[in-house]
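Heads up, the thing below is written out as structure tokens.
Coordinate-derived values only; no laboratory data. These figures come from a predicted structure and were not determined experimentally. For neighbour counting, all protein chains shown are included, and Cβ atoms are generated from backbone atoms with ideal geometry for every residue, glycine included.
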Amino acid sequence: MNGIHRIETQLAKQAAFVGYLTAGDGGIDRSFEAAMALIQGGVNILELGVPFSDPIADGPVIQRAANRALQQGTTLEAIFGLAHRLRQQSDIPLILFSYLNPLLAIGAEKAIAAAARAGIDGLLLVDCPPEEAGEFYDACLNHGIAPIFVVAPSTPPERIAYLSQLGRGFLYYACRKGTTGIKAGLPEDFTQQMAYIKAKSHLPVVTGFGIASFEAAAQVLAHCSGVVVGSLFVKALEDNIELTALTQLAHTVFEGDRS
Amino acid sequence: MHHKPGFYGDFGGTYMPEVLFAPIQALQQAWTQLKYDAAFKQSLDKALKDYAGRPTALTDVPQFAKAIGASRVLLKREDLLHTGAHKLNNALGQCLLAKRLGKQRIIAETGAGQHGVATAAACARLGLTCVVYMGSEDIRRQAPNVLRMQLMGATVMPVDHGAATLKDAINEALRDWSAHFEESYYCLGSALGPHPYPDMVASFQSVIGTECQTQVQTLLGKNPDYIIACVGGGSNAIGLFSAFINDPKAKLIGVEAGGHGKRLGEHAARFQASTKGVLHGCYTYVLQDAHGQIAPTSSISAGLDYPAVGPQHAELYANHRATYVAIDDKQALEALSLLAKTEGIIAALESAHALAYARVLAPSLMPDQTILINLSGRGDKDLPTLMTQPALTEVLS
């Protein structure tokens, strides 16, 4: 099963609970354990964030995590190793979430081939719109990896259709302006925006950016195919959360407090 | 090889998060319309003349020439422009454009503080709100400029992460813009970043070259043989080069910051390392490690202390139209002091790198050859740095 197919199958099966981790924050082993804890807590698609020195789309929480990961000497090779270990333990889709330059340093074909070998199923390049994705886009399709594109509140309607036509697996709706972070609730225009996007998109839509509570996640899931939680988990890891508590946190945010 | 707008050979592009796609597209459209709009050009020319003080002088510096062993050296005096550097050419242009777009809040980043001061002035003049991001390391070493920005009503936002210099200030300005693009305009200070900034900034700075070419022709009856400018992002250099690019006899030389050593992290000499990558929206030469992480940089000059370079310079380097050299901290300080002593002009540390290269070049010149140097800014802002320099204390004693 190639990566695109794995993502499609997962989204057809159930709502996507997407968890994000900055890979290498606390070391690669800690990332592995944290990923397994999230999967146990209901995460059924995992985003592995590649730390970058200049993360312009990220707020302070993920900026700090990237710094820590880089100080630990985290490399793309190590992240591919992490993906490979996770792939042996779990069948859920793994998405590489990266700024362009760390991949560019290796080269599109080499980087994507290595990602595919490691078991990566999708690629989201934060600072690379499809207009500039060229070689990476082609390499993804050649290796069965889903190129995933982001839609923002500022994306014009005709462009939503264009992005969803080029993308595979799902369309990622970053539902707020600005950067990643932990926010309360959802933006006021969320329902309306989502209706626009769904009307234009050929792909299932998964929403992220600032989702940090069960209430917000549930509201998102009422309108689209999945929800992404990132900074909440990254912050918990920064605060040295126990793995069992991380599993519980994932459970709580995706499925509500069952206690 | 790309042939689409926003690329210079292989370099340039619009590598930005999706949230900024629409604001950048709107800016591209506005710039396409206004670039050749007669009324817009007229209002900018008027502001440059009446407010900024254009044209700036072209100064023959015979004592400096003699001291370095050159027959003739000319300085284009952007240091005489209002606010003390070439930056105002661009800040006025972009702030006028922002007004046309109906934006009331201007975001800017600054390294040496010169672009921040220029933007603060333009905003005060045009009745706009101004927020300037500045690395806390730069705030420390360019303290006079912080006070100047504040006096003109700008809010200076310290940036503490990374090396707390220009690169980090741009990161933070981009984050602000992506959250506030509806009411805010990002006034980028150099000929870098996503399309259309390199073209727009180079276009606003081309006034330096156009004006200078006329002045040089009047003085010499021909173009100079060597045209030298310092290159951080590269806006003063591209502005000056633009008028001479089509004259194959005019040798264009960009001077980067050699810092205090040759290892990664000790300098900001992008063309010496010669590695390519994407930073702040464009594909260009970038100082980075083997894993594509952007490297720290070092220079005595805050305005040159940046790991990437504008895409037009990347292309001029790749196609060998221009040459890029590095000058270290000590050479820059010595040149600054030499020009001050011989001609009574205190150059900015950035511009002093260009002066220093003229010193290196002079011995190899023919007797009738002329050097033109862009004196992009004045050195008042550098006094706090200069006072802590043992090298300079030596020169002064």
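Taken as Cα centroids, the range B:170-213 and the range B:274-338 sit 18 Å apart, rounded to the nearest whole angstrom. Comparing Cα centroids, the range A:116-166 and the range A:1-37 end up 18 angstrom apart.
Between B:ALA38 and A:ALA218, the FRET efficiency estimated from the beta carbon spacing at R0 = 56 angstrom works out to 0.50.
Cross-link reach is defined here as a Cα-Cα straight distance under 15 Å, omitting same-chain residues fewer than 8 places apart; for B:LYS262 the aspartates and glutamates meeting it are B:ASP289, B:ASP305, B:ASP328, B:ASP329. Filter the trypsin sites (Lys or Arg not before Pro) in the range B:253-335 to those in DSSP coil with at most 12 other Cβ atoms within 10 Å of their Cβ, and list the result. Listed in order of number, the matching sites are B:ARG263. Between the helical axis of B:166-180 and the longest alpha-carbon principal axis of chain B there is an angle of about 20 degrees.
If the viscosity is 0.692 mPa s and the temperature 37 °C, what translational diffusion coefficient in µm²/s does Stokes-Einstein give for the protein assembly as shown when Rh comes from Kirkwood over Cα pairs? Could you put the intermediate results ahead of the total?
Details: Rh = 25.7 Å.
It diffuses with D of about 128 µm²/s by this estimate.
With the cut-off at 28 Å, tell me which of the pairs A:LYS200/B:LYS103; A:LYS183/B:LYS99; B:LYS87/B:LYS341; B:LYS330/B:LYS381 have Cα atoms farther apart than that. Beyond 28 Å: A:LYS200/B:LYS103; A:LYS183/B:LYS99.
Between A:ALA161 and B:GLN217, take the C-beta separation as r, use R0 = 45 Å, and let me know the FRET efficiency to the nearest 0.05. Don't skip to the answer; put the middle values down first.
On the way: r = 54 Å, r/R0 = 1.21.
Computed FRET efficiency for A:ALA161 and B:GLN217: 0.25.
Here the extension length gained between B:LYS262 and B:GLN29 equals 79.7 nm, from 0.36 nm per residue of separation less the Cα-Cα distance.
Report the Rg/Rh value for the range A:3-253, based on alpha-carbon coordinates and the Kirkwood definition of Rh.
On the way: Rg = 16.4 Å, Rh = 17.7 Å.
On the Cα set of the range A:3-253, Rg over Rh gives 0.93.
At 7 Å along the Cα-to-beta-carbon direction for both B:LYS46 and A:GLU242, put a label point, then send me their distance in nm to one decimal. Here the answer is 7.2 nm between the modelled labels.
When the C-alpha to C-alpha distance is required to be over 20 Å, the pairs from B:LYS41/B:LYS76; B:LYS251/B:LYS276; B:LYS222/B:LYS251 that qualify are B:LYS41/B:LYS76; B:LYS251/B:LYS276. Rounded to the nearest 10 degrees, the angle from helix B:349-361 to the longest Cα principal axis of chain B is 40 degrees. Taking amide H as placed 1.01 Å from N in the peptide plane, A:ALA146 has its amide H under 5 Å from the amide H of A:ILE4, A:GLY122, A:LEU123, each at least 5 places away in sequence or on another chain. What aspartates and glutamates could a cross-link reach from B:LYS35, if we take a straight Cα to Cα line under 15 Å and drop same-chain neighbours fewer than 8 places away? Here the aspartates and glutamates satisfying the reach criterion relative to B:LYS35 are B:ASP45, B:ASP199.
Using a Förster distance of 22 Å, how high is the FRET efficiency between A:ASN142 and A:MET1, based on the Cβ-Cβ distance and rounded to 0.05? Present the calculation step by step, with values, prior to reporting the outcome.
Values: r = 16 Å, r/R0 = 0.74.
The computed FRET efficiency comes out at 0.85.
Residue-wise HN-Hα couplings along the range A:58-72, as the Karplus relation 6.51 cos²θ - 1.76 cosθ + 1.60 with θ = phi - 60° gives them from phi, are 10, x, x, 4, 6, 4, 5, 4, 4, 4, 4, 4, 5, 5, 6 Hz; Gly and Pro carry x.
Tell me whether chain B comes out rounded, prolate or oblate; compute the Cα gyration tensor, take square roots of the eigenvalues as a ≥ b ≥ c, and use a/c under 1.5 as the rounded threshold. Taking the square roots of the gyration eigenvalues as a ≥ b ≥ c, chain B is rounded. Label-to-label distance for B:LYS99 and B:LYS4 is 3.4 nm, based on points extended 7 Å past Cα in the beta-carbon direction.
By the rule of a second cysteine Cβ within less than 4.7 angstrom, chain B holds isolated cysteines at B:CYS95, B:CYS187, B:CYS212, B:CYS230, B:CYS282.
Among residues other than A:LEU243 with Cβ under 10 Å from its Cβ, the summed charge is -1 (Lys and Arg +1, Asp and Glu -1). Among B:CYS95, A:CYS140, the ranking by other beta carbons within 10 Å of each residue's beta carbon, starting with the fewest, stands as A:CYS140, B:CYS95. For A:ILE4, neighbours were defined as the other residues whose beta-carbon sits under 12 Å from its Cβ, and their charges (Lys and Arg +1, Asp and Glu -1) total 0.
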